Amino acid sequence: MLKPRILLIIGGALWAIAGINIAIIGLRCCLQIHQWWVYLAAIPVFVIFRYVIFGPVGKKYAKRITGFTEEKVAVWHVYSIAGYLIMVFMMALGITLRVEHLVPTWSIAFFYLGLGLALLLASWPYFAEYRRV
């Protein structure tokens, strides 16, 4: 059991670590195919995921954590059950597509680069809430 303030650090760190890992995979694919346009193609992916999906979700979960009235909360309460299910689905889909070579490297390159950077920046609301409370 942890104080909600510590859960904010854990939640933000999880988003940041996931974002860095995914962005690194995307960057490695970018470097592997040597095409400049994949970097440009990552921009709309980043914008959509950052401002339409992960930005609002990150704020929602950070507010959720600060809304706990208990002095200490179990660490698995950082996310909701639906949040965990979505994470498992996204991870399984991404791993399957890459490992089974179901999509070309160039699509992984721009998508993962944009997605990873969006995930990384989605950690910001957690750290902002940490500083606020």
Inset, instruction - Taking the options I6, I33, I22, I43, name whichever one is within 15 Å of the chain's Cα centre (by Cα) and not small (G, A, S). - result: I22
Inset, instruction - Quick one: W15 ticks every box in (1) closer than 14 Å to L115 by Cβ; (2) aromatic (F, W, Y); (3) in contact with a Pro (Cβ under 6 Å, 6 or more places away or on another chain) except a single one, so which number is it? - result: (3)
Legend entry - Criterion (under 13 Å from W15 (Cα atoms) and either of a type outside the set (D, E, K, R) or touching a strand residue (DSSP E or B) at 6+ places or on another chain (Cβ under 7 Å) (or both)) met by exactly one of L85, L97, L115: L115
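The rows are residues; the columns are (1) under 20 Å from I20 (Cβ atoms); (2) of a type in the set (V, I, T); (3) at pLDDT below 95.
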{"position": "H77", "(1), (2), (3)": "no, no, yes"}
{"position": "I86", "(1), (2), (3)": "yes, yes, yes"}
{"position": "F89", "(1), (2), (3)": "no, no, no"}
{"position": "F110", "(1), (2), (3)": "yes, no, no"}
{"position": "L113", "(1), (2), (3)": "yes, no, no"}
{"position": "A118", "(1), (2), (3)": "yes, no, no"}
{"position": "L121", "(1), (2), (3)": "yes, no, no"}
{"position": "Y126", "(1), (2), (3)": "yes, no, yes"}
{"position": "Y130", "(1), (2), (3)": "yes, no, yes"}
Inset, instruction - Scan segment 97-133 for residues that are among the hydroxyl-bearing types (S, T, Y) and either open to solvent by 60 Å² or more (accessible area, probe 1.4 Å) or within 25 Å of W37 (Cα to Cα) (or both) and jot them down. - result: T105, S107, Y112, Y130
Legend entry - Selected residue [of a type outside the set (F, W, Y), touching a residue at least 24 places away in the same chain (Cβ under 8 Å) and more than 27 Å from R5 (Cα to Cα)] from V38, V103, V73: V38
Inset, instruction - For L102, state whether it is modelled with pLDDT of 90 or more and in a helix (DSSP H, G or I). - result: no
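The values are calculated or read from the model by the stated rules, or taken from the named source; none is laboratory data. Because the structure is predicted, anything quoted here is derived from the model rather than measured. Methodologically, a virtual Cβ is constructed for each residue, glycine included, from the backbone with ideal geometry; neighbour enumeration extends over all protein chains shown. What goes into the accessible areas is simple: the full protein's heavy atoms, side chains included, and nothing from ligands, DNA or RNA. Shrake-Rupley method; radii C 1.70, N 1.55, O 1.52, S 1.80 Å.
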